[in-house]
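For reference, the structure is listed below as structure tokens.
The values are calculated or read from the model by the stated rules, or taken from the named source; none is laboratory data. Computed from a predicted model, the values in this text were never measured in an experiment. A quick note on method: Cβ atoms are made from the backbone with ideal geometry, for glycine too, and the neighbour counts reach across all protein chains shown.
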Amino acid sequence: MLKRFATSPRDLRRARVVAAAALLATVGSVGVQAEAASPKTPDWHPYVLGPSTPQVAPVDVQTRGSVSHPNTLVKGRGKATTLTTVAGGTPASVLLDFGKDIAGTPNFDVTALEGTPTLSLATAEARKYIRTPAATTVSVAASAGATQVTAASTANLEAGNTITFGTGTNAQTRTITTFDTTARTISFTPALTADLPAQTATSTSPGAPSSDESRGLAGVGGIDTLRPTAAGRVSGTFHGGFRFVLLTLTSPGSISISAAGVDFQAYRATPADYKGWFLSNDDQLNKMWYSGAYTLQLNLKSAGLNGLPDLRIYDGAKRDRSIWTGDLLVQGPTAISTLGDAGAQYVKSSLNVLLGTQRADGAIPGSPDFRKGSSPAGSPLFYSNNYSGYGARAAIDYYRYTGDKDYITSILPALRAELAYNDTFLTTNHLVASNDRDYWQATQTGEVTKYSIDYYILLKEMAWLERQVGSAVTADSHDAKAEAIKQAVNAKLWNPQLGAYGQSSDHPDVLVEDANALALQYGIAPAERRDSVLTALKKLWTPHGAIMGPGLLDPTGHTIEPFGNGMETAGRFTVGDAAGAFDLMRRTWGQMVDKDDPLYTGAFWEFKNNDGGVNRATASLAHGWAASPTVQLTEQVLGVTPVNPGYATWSIKPHTGNLKWAEGTVPTKYGDIAVNWKSTANASKFTLHAETPRNTNGTIAIPVGDTAKVTVNGRTVCDGGSCTAYQGIIKDGYAELAVPGGSYDITVSRR
């Protein structure tokens with residue numbers, strides 16, 4: 001997520017805003033509504049991914065075995081779909097594709113049945129994980145002509161699957177006819193043409209039905225076993241996140257089904273539920289904004305679901321289905337900027353669960369409800385010291401976006417205790433040393449650059465909070481300590497050979513994405529080092545996103561973290577590299593919004609490998625920490641960020657890159673902030689229209705050249721490199737104007 005609160009220029013800007021508001025208080029209306037700067041555009045409603053009705057139908061169906069009239073399950077009319085399985089034959093199955101991730105309870109309307117049918121119901125986000133191929137060995141040698149072998153295991157076998165004995169030119173592929181789980185025998189056709197020695201490796205395709213949910217972490221999921229006895233609706237259990245449903249008739253008999261669907265049980269947001277929105281001339285970026293919003297919605301647990309009375313924001317739709325502090329740093333702003341008050345309630349409720357498990361020493365758990373076992377409520381996991389600090393930052397974010405002063409005041413002692421806990425890891429060198437892990441799970445040792453910068457950020461955030469509702473003296477102390485950390489990071493952890501900050505004092509020669517990205521975003525890197533850091537970070541780029549660092553990987557094997565890539569895009573926007581930010585966005589998230597990608601879910605993924613795939617079935621393909629494009633497109637491209645609580649003071653500063661136009665709305669406690677801007681192809685003219693609540697104030701910064709002319713509501717306010725109104729200043733390619741709330745039409749004419 002992006003903020004503009006961690007550096008001292010904020011205080012100067014706020015002072016100018018307040019002064020301008022006082023100066024202009026007697027002016028009255030600050031402008032009249034003018035024609036919007038953006039052109040006529042298609043409505044943003046088609047980008048919304050939430051289902052329009054509570055009952056969701058599949059969009060495609062594929063079959064295996066004996067299945068008649070399968071398209072009835074998609075079209076919703078026609079003869080009933082009938083699955084028939086005979087003893088020893090291929091179990092009949094239908095694979096239902098819902099086109100994108102959904103969550104809820106699958107159900108089927110049974111019209112007729114024969115025998116005592118047993119159905120298995122498996123769900124998966126990715127089709128490749130809806131079946132699990134078997135891998136075993138031949139335990140007893142078999143001769144040519146044999147049609148049966150004894151295997152070490154018969155797990156994940158299914159009649160009708162192909163089975164391959166051996167590898168390479170000696171491989172023999174056959175079709176499984178039957179198997180005996182007790183005797184561990186596998187029968188197949190046709191007969192072997194060559195002898196098979198014992199210990200010959202075997203594999204099958206496609207495998208038996210499986211689930212990609214991690215039941216032990218989520219407390220839900222796994223394969224449902226259904227045994228209907230009469231016509232009527234048959235429902236499975238709740239499944240947290242899936243695109244595919246595989247229904248298999250595992251026993252001999254037949255069953256006829258007239259309809260199939262899912263009772264949607266995530267947060268179902270229609271266009272009417274969106275309190276904020278975004279649209280630009282770039283279709284791919286638009287898809288990213290709404291995919292991030294939908295990812296968040298899939299992660300929202302309503303009150304009463306799974307027996308828990310409270311609202312919660314989970315990290316992933318299917319896994320871990322727990323509140324995580326790091327994820328909240330992205331999810332909180334996403335929830336509030338897209339769903340307004342409804343999203344804020346989920347954030348506040350999640351914070352209450354989190355703070356309810358704080359330790360006596362001040363530590364906040366990384367997850368308050370992780371170890372679910374047989375209890376959906378779970379229990380705290382004190383994951384890392386760094387994640388503990390993330391919890392405090394998530395609470396401060398809630399206040400910044402909502403202005404809920406009563407709540408933040410009530411939890412201020414808890415946040416102070418957390419800060420004191422984090423302070424115990426500060427060394428005499430003013431750096432953080434903690435044999436600890438972070439979001440990519442590997443332990444980092446020594447004085448760690450990322451941990452030190454994270455503590456710097458927490459101190460600056462707490463200083464901001466103390467000035468709002470606490471002690472200015474304490475805030476000054478936090479700022480001084482933060483400044484000492486900033487100086488130490490630059491003096492001790494900068495590596496001139498890398499042209500960037502090293503990973504830690506133990507590993508000074510390792511280039512890492514996250515620490516360097518945060519150094520850009522939060523003003524750690526001085527101006528003269530920024531280009532060097534930007535260049536160094538590009539060495540980590542692949543066609544599918546930026547890796548964590550050379551040789552670095554999560555213990556589970558993945559190398560590309562959208563959470564970390566979001567830090568880098570944020571850093572690039574902050575220092576004015578919009579082109580680089582857009583480039584990395586497209587590499588990392590462009591694949592995720594491509595409907596032709598085999599892993600497409602409509603949501604954002606937890607991680608990727610260098611080849612753009614994922615390396616395990618339980619990889620979450622609807623993970624909240626990956627939703628940073630939604631926040632950044634609102635805050636850095638549309639340009640709207642909160643400065644003081646609840647947007648009482650705001651900033652509008654668009655980073656346009658090569659976009660032609662963007663428009664959108666941001667909800668605040670004082671009313672909506674609406675912005676649209678347009679930039680001509682040759683950058684000779686830029687127009688911006690803003691509607692801001694009258695009882696607020698802020699700054700509007702528009703991109704200009706040294707000699708550009710700026711007019712506000714028809715009045716020239718800047719020309720020839722200087723400004724004569726709104727306490728305007730021209731700095732770093734922008735004309736920044738301090739204004740009270742109201743309606744503004746701004747035009748920049750470049751000469």
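Can you give me the ranges of the strands (runs of 3 or more DSSP E) entirely in region 158-247 with at least 2 residues that are over 36 Å from the mean Cα position of the chain (by Cα) and surrounded by fewer than 19 Cβ atoms within 10 Å (Cβ to Cβ)?
Qualifying strands (runs of 3 or more DSSP E): 162-165, 172-180, 185-189.
To keep it simple, each residue is scored yes or no on (1) on the phi < 0 side of the Ramachandran plot; (2) buried (at least 19 other Cβ atoms within 10 Å of the Cβ); (3) part of a strand (DSSP E or B).
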position: Lys79; (1), (2), (3): yes, no, no
position: Leu83; (1), (2), (3): yes, yes, yes
position: Phe98; (1), (2), (3): yes, yes, yes
position: Thr105; (1), (2), (3): yes, no, yes
position: Leu113; (1), (2), (3): yes, yes, yes
position: Pro117; (1), (2), (3): yes, yes, no
position: Ala122; (1), (2), (3): yes, yes, yes
Fill in: Residue check for Val631: assigned to a helix (DSSP H, G or I) and out of contact with any Phe, Trp or Tyr (no Cβ under 8 Å at 6 or more places or on another chain)
yes
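Tell me, please, whether a residue that is touching a helix residue (DSSP H, G or I) at 6+ places or on another chain (Cβ under 8 Å) and farther than 30 Å from Leu621 by Cα can be found in region 180-200.
Among the residues of region 180-200, at least one is touching a helix residue (DSSP H, G or I) at 6+ places or on another chain (Cβ under 8 Å) and farther than 30 Å from Leu621 by Cα, which makes the answer yes.
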Worksheet item: Out of the residues in region 427-450 that are within 10 Å of Ile485 (Cβ to Cβ) and surrounded by 20 or more Cβ atoms within 10 Å (Cβ to Cβ), which is nearest to the chain's Cα centre (by Cα)?
Response: Val432
Practice prompt. Evaluate the following for Pro117: is it of a type outside the set (S, T, N, Q) and under 38 Å from the mean Cα position of the chain (by Cα)?
Written response: no
Response to the item:
Sole miss for Tyr399 among (1) in a helix (DSSP H, G or I); (2) within 30 Å of Gly549 (Cα to Cα) is condition (2)
Practice prompt. Could you please find all residues in region 397-433 being closer than 19 Å to Leu311 by Cα and β-branched (Val, Ile, Thr)?
Written response: Thr402, Ile408, Ile411
Discussion item. Of all residues being touching a Ser or Thr at 6+ places or on another chain (Cβ under 7 Å) and of a type in the set (Asp, Glu) in region 412-453, which is modelled with the lowest pLDDT? Just the residue, please.
Written reply: Asp436
Practice prompt. Check region 596-608 and report whether any residue there is assigned by TED's automatic domain parsing to the domain that holds Gly340, surrounded by 24 or more Cβ atoms within 10 Å (Cβ to Cβ), under 29 Å from Thr687 (Cβ atoms) and modelled with pLDDT of 95 or more.
Written response: no
Discussion item. Just to be sure I understand, how many residues within region 169-228 are among the hydrophobic types (A, V, I, L, M, F, W, C) and either at positive phi or free of Cβ contacts under 8 Å to residues at least 24 places away in the same chain (or both)?
Written reply: 1
Discussion item. Please count how many residues of region 574-604 are farther than 30 Å from Gly733 by Cα and not in a loop (DSSP other than H, G, I, E, B).
Written reply: 3
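For region 662-678, indicate whether the set of residues that are within 12 Å of Val748 (Cα to Cα), touching a residue at least 12 places away in the same chain (Cβ under 8 Å) and in contact with a Ser or Thr (Cβ under 7 Å, 6 or more places away or on another chain) is non-empty.
Yes: one or more hits.
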Response to the item:
The residue that is surrounded by the fewest Cβ atoms within 10 Å (Cβ to Cβ), considering only those in region 618-643 that are more than 18 Å from the chain's Cα centre (by Cα) and hydrophobic (A, V, I, L, M, F, W, C), is Val643
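Within region 680-730, restricting attention to residues that are among the basic types (Lys, Arg) and touching a strand residue (DSSP E or B) at 6+ places or on another chain (Cβ under 9 Å), which residue is farthest from Thr665 (Cα to Cα)? Let's see the steps before the verdict.
Residues of region 680-730 among the basic types (Lys, Arg): 685, 694, 709, 715.
Now narrow it down to the ones that are touching a strand residue (DSSP E or B) at 6+ places or on another chain (Cβ under 9 Å): 685, 694, 709.
Working: Lys685: 23, Arg694: 16, Lys709: 27 Å.
So the residue we want is Lys709.
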Worksheet, complete the sentence: Of those in region 371-426 that are more than 20 Å from Asp327 (Cβ to Cβ) and polar (S, T, N, Q), the residue farthest from the chain's Cα centre (by Cα) is Thr424
Practice prompt. Identify, from the list Ala725, Ala701, the residue that is outside any strand (DSSP E or B), surrounded by 17 or more Cβ atoms within 10 Å (Cβ to Cβ) and at pLDDT 95 or above.
Written response: Ala725
Discussion item. When you check Ser29 against the structure, is it at pLDDT 95 or above, touching a Gly at 6+ places or on another chain (Cβ under 8 Å) and small (Gly, Ala, Ser), yes or no?
Written reply: no
Practice prompt. Among residues belonging to region 251-268 that are buried (at least 19 other Cβ atoms within 10 Å of the Cβ) and among the polar types (S, T, N, Q), point out the one that is nearest to the chain's Cα centre (by Cα).
Written response: Ser258
